[in-house]
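Accompanying notes for the structure given below.
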Amino acid sequence: MNEHPVKISLRGLTKSFGKKHVLRNLDLDIFQGDSVAIIGPSGTGKSVLLKNIVGIQTPDSGSIKIDSEEVVGLTGNARDRVNRNLGMLFQGAALFDSLPLWENVSFGLMSAQGLSRSDARQKAIERLQQVGLDAGNADRFPADISAGAQKRVGLARAIATKPEILFFDEPTTGIDPVMGDVINKLIVKCVKELGATALTITHDMESARRIADKVAMMHAGKIVWVGDVDKIDDSGNEIVDQFIHGRLDSHISNARLGTSAA
Amino acid sequence: MSFVATIGRIFLSFLASLGRLTIFAGLSASHIVRPPYYPRLLLRQIIEIGYYSLPVIGLTAVFTGMVLALQSYTGFARFNAEGAVATVVVLSITRELAPVLTGLMVAGRIGAAMAAEIGTMRVTEQIDALSTLATNPYKYLIAPRLLAALIMLPCCVLIADIIGVFGGYLVAVHKLGFNPAIYLKNSWQFLELVDVVSGLVKAGVFGFLIALMGCYHGFHSKGGAQGVGSATTNAVVSASILILGCNYLITEAFFSR
């Protein structure tokens, strides 16, 4: 039993695209201060789940509560108020390529919090230094830096407003293992410094083990197992075992190939 | 039967697209008047749409005016009406050619750029990132572009009017041997306020349509580079067709007896 209050509560979440059912009655509780990794093979709807939570997509049915407030159906200023407490690192960093790095990092500070440009620039440089980029990078543009550096800037942007909840969408995808390790360590550091609740979507077990306290396994649109990260090797769940050991003859590969599992 | 069903499906699909476009336009227009405002972004778009379009608009207008003077002179000479050249040039430029050609040139330059930029932002999740940063994409991306195009197209057309008439003057005076003072007097004598105003009204409408098509197709692009390419093509083609269609309707509204 967790002593902290529930920060994010998902109940009966469903989402379909035409005839493809991506989320099927999904339930999950994320407690305040937890760092949870949702694992699962590519194409199982992990990113869709994340987009539903942050309001980029709307579920067909079900409930999403953040700090006990129902956020499904919130629009306009009400949704913006909720989103001011969130930070997100996108899979491809999603930096605004028409803006220099410092404006990318301080975007939320200027746009949503009304900070002046000079103060925002100072804050942005602090955040860039926090993720290992020196002040000399502030005026460069996203196209001028490497994919790994873009992830760092994306992380700096996500933590710039000191949000209570952080989301990481495949944080190590598309970068080399060494840079992946750097990003993982930075994520752990930033989450701890902020005392934030974190939700990471990944299919990289190494990343999940590094970042998360808890792991939730997603399969066929549902969460099929939740537990502490150090118990994942002894989960007793066949699907989890198959995923972390990458076995081809499994529920997972059958589901992805569209055949029924034995 | 299947032929009728196909026609029905196409018609329903057309209506659905029209509905989506109308909602998009209404939502975007409402964000132009509702705070917060982004004056820096508006200024950037004003410079992009107005200032950087001036060379292409100027060249289009000057050559159009020159050709118009030459063509109308050779035509009118057949029935000794060369004196009408100045009037024909000024009326054609202000009423039709400056707004329509400026609209088409800007549609090619700005409409395509808007669709490509916003489309790339869509497929690289930058628009999603805006939402997570508590910033409304309609307000931040669409509204400044619509407003800037609405303001700048009439300004561009006014400049095109002047350059176009000047192009006609150059050919008439220096090639066709017209007296400069008489040519200018003939240009002013039959020009009415409504000729210029109708052109500027057209320009405002065309500006809105160009930005709307660029933003709409970019905003709804999907599927990576190919999707962005399609969005760009669709933005230019649809804006051009709408410009030509609306040009007739506005002309009808202003000048039909």
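The values are calculated or read from the model by the stated rules, or taken from the named source; none is laboratory data. Just so you know, these numbers come straight off a predicted model, no measurement behind them. Here the Cβ positions follow ideal geometry from the backbone for every residue, glycine too, while neighbour counts run over all protein chains shown. Protein only, heavy atoms only, side chains kept; ligands, DNA and RNA dropped before computing areas. Shrake-Rupley method; radii C 1.70, N 1.55, O 1.52, S 1.80 Å.
Computed with a 1.4 angstrom probe on protein heavy atoms, the A-B interface buries about 1700 square angstrom of accessible area in total.
Determine the dipole magnitude for the stretch B:37-111: charges of +1 sit on the beta-carbon of Lys and Arg, -1 on that of Asp and Glu, nothing else is charged, the reference point is the Cα centre, and the result goes in debye to the nearest 20. Walk me through the numbers before you get to the answer.
Numbers: 5 positive and 3 negative charges, 43 e Å.
Dipole size: approximately 200 debye.
Farthest towards the positive end of the charge dipole of the stretch B:124-257, among the residues B:Val236, B:Ala225, B:Thr135, is the Cα of B:Val236, using unit charges on the Cβ of Lys, Arg, Asp and Glu.
Farthest towards the positive end of the charge dipole of the protein assembly as shown, among the residues A:Gly33, A:Ser47, B:Trp188, is the Cα of B:Trp188, using unit charges on the Cβ of Lys, Arg, Asp and Glu. Counting Cβ atoms of other protein chains within 10 Å of each residue's Cβ and taking the mean over peptide A:88-94 gives 5. Of the peptides B:224-234, A:163-173, B:82-92, the order by per-residue mean of other Cβ atoms within 10 Å, starting with the highest, comes out as A:163-173, B:82-92, B:224-234. Put a plus charge on the Cβ of each Lys and Arg, a minus charge on the Cβ of each Asp and Glu, and nothing anywhere else: the dipole of chain A about its Cα centre is then about 640 debye. Helix B:2-33 and the longest principal axis of the C-alpha atoms of chain B enclose an angle of approximately 80°. In the protein assembly as shown, a dipole from Cβ-located charges (positive for Lys and Arg, negative for Asp and Glu) runs towards its positive end, and of A:Leu89, A:Val229, B:Thr94 it is B:Thr94 whose Cα lies farthest in that direction.
With a ≥ b ≥ c taken as the square roots of the eigenvalues of the C-alpha gyration tensor of the protein assembly as shown, please select rounded if a/c is under 1.5 and otherwise prolate if a/b is larger than b/c or oblate if it is not?
Values: a/c = 3.04, a/b = 2.22, b/c = 1.37.
It is prolate, given that a/c is not under 1.5 and a/b is the larger ratio.
Highest mean first, what order results for B:187-195, B:6-14 on Cβ atoms within 10 Å?
B:187-195, B:6-14
Modelled this way, with points 7 Å down the Cα-to-C-beta line, the labels at B:Ser256 and A:Ser42 are 5.7 nm from one another. Pull out a ≥ b ≥ c, the square roots of the eigenvalues of the alpha-carbon gyration tensor of the stretch B:1-150, then state rounded if a/c is under 1.5, prolate if not and a/b is larger than b/c, and oblate in the remaining case. Oblate, because a/c is 1.5 or more while a/b does not exceed b/c.
Determine the calculated [θ] at 222 nm for chain A from helices alone, applying -39500 (n - 2.57) to every DSSP H run no shorter than 4 residues and normalising by the residue count; nearest 500 deg cm²/dmol.
Values: 10 runs with 94 residues, N = 262.
It comes out at -10500 deg cm²/dmol, rounded to the nearest 500.
In this structure the amide hydrogen of A:Thr200, modeled in the peptide plane, comes within under 5 Å of the amide hydrogens of A:Val36, A:Ala37, A:Ile38, A:Phe168, none closer than 5 places in sequence on its chain.
Taking 21 Å as the limit for the C-alpha separation, the pairs A:Lys15/A:Lys65; A:Lys15/A:Lys162; A:Lys189/A:Lys231; A:Lys151/A:Lys214; A:Lys7/A:Lys46; A:Lys151/A:Lys189 exceed it in the case of A:Lys15/A:Lys162; A:Lys189/A:Lys231; A:Lys151/A:Lys214. Evaluated with a Cβ-only charge set (Lys, Arg +1; Asp, Glu -1), the stretch B:2-255 carries a dipole of roughly 360 debye about its Cα centre, given to the nearest 20. Annotation: amide H-H contacts under 5 Å for A:Leu115 (H modelled 1.01 Å from N, sequence separation of 5 or more, or interchain): A:Met110.
Residue by residue, the stretch B:99-106 carries 3J(HN,Hα) couplings of x, 5, 5, 4, x, 5, 5, 5 Hz when phi is fed to the Karplus relation 6.51 cos²θ - 1.76 cosθ + 1.60 (θ = phi - 60°); x denotes Gly or Pro. When peptides B:75-81, B:243-249, A:25-31 are sorted by average Cβ neighbour count within 10 Å, with the highest value leading, the order is A:25-31, B:243-249, B:75-81.
Rolling a 1.4 angstrom probe over the protein heavy atoms with all chains in place gives the stretch A:1-113 an accessible area of 41 Å² per residue. Per residue of B:130-143, other chain Cβ atoms within 10 Å of the residue Cβ number 6 on average.
Using only Cα coordinates, the Kirkwood hydrodynamic radius of chain A works out to 19.0 Å.
Compute the angle between helix A:147-159 and the longest alpha-carbon principal axis of chain A, please, reported from 0 to 90 degrees and rounded to the nearest 10. The answer is roughly 80 degrees. Per the Debye calculation on the stretch A:167-254 with a single equal scatterer at every Cα and no solvent contribution, log₁₀ I(q)/I(0) for q = 0.19 Å⁻¹ amounts to -0.92.
Taking 22 Å as R0, compute the FRET efficiency from the Cβ-Cβ separation of A:Asp181 and A:Asp213 and round it to 0.05.
Details: r = 19 Å, r/R0 = 0.84.
Using R0 = 22 Å, I get an efficiency of 0.75.
The length gained by stretching the chain between A:Arg24 and A:Glu193 to full extension, at 0.36 nm per residue less their Cα-Cα distance, is 57.3 nm. Relative to the dominant Cα principal axis of chain A, helix A:117-130 is inclined by about 50°. Inter-label distance, A:Ala135 to A:Asp233: 4.6 nm, where each label sits 7 Å from its Cα along the C-beta direction. Taking each DSSP H run with n ≥ 4 as -39500 (n - 2.57) and averaging over every residue of chain B yields -26500 deg cm²/dmol at 222 nm. Relative contact order, whole percent, for chain B stands at 31, derived from Cα pairs under 8 Å and 6 or more residues apart.
Remark: the A:Asp144-A:Ser68 segment gains 23.2 nm on full extension, using 0.36 nm per residue and subtracting the alpha carbon distance.
Mean sequence separation of contacting Cα pairs (under 8 Å, at least six apart), scaled by the length of chain A, corresponds to a relative contact order of 23 percent.
For the set B:Tyr140, B:Tyr51, solvent exposure ranked by accessible area (probe 1.4 Å, protein chains only) runs largest to smallest as B:Tyr51, B:Tyr140.
The stretch B:61-143: Rg/Rh from Cα coordinates, Kirkwood Rh?
On the way: Rg = 22.3 Å, Rh = 16.2 Å.
Looking at the stretch B:61-143, the ratio lands at 1.38.
Accessible-area rank, largest first, for B:Cys155, A:Cys190: B:Cys155, A:Cys190, with all protein chains present and a 1.4 angstrom probe.
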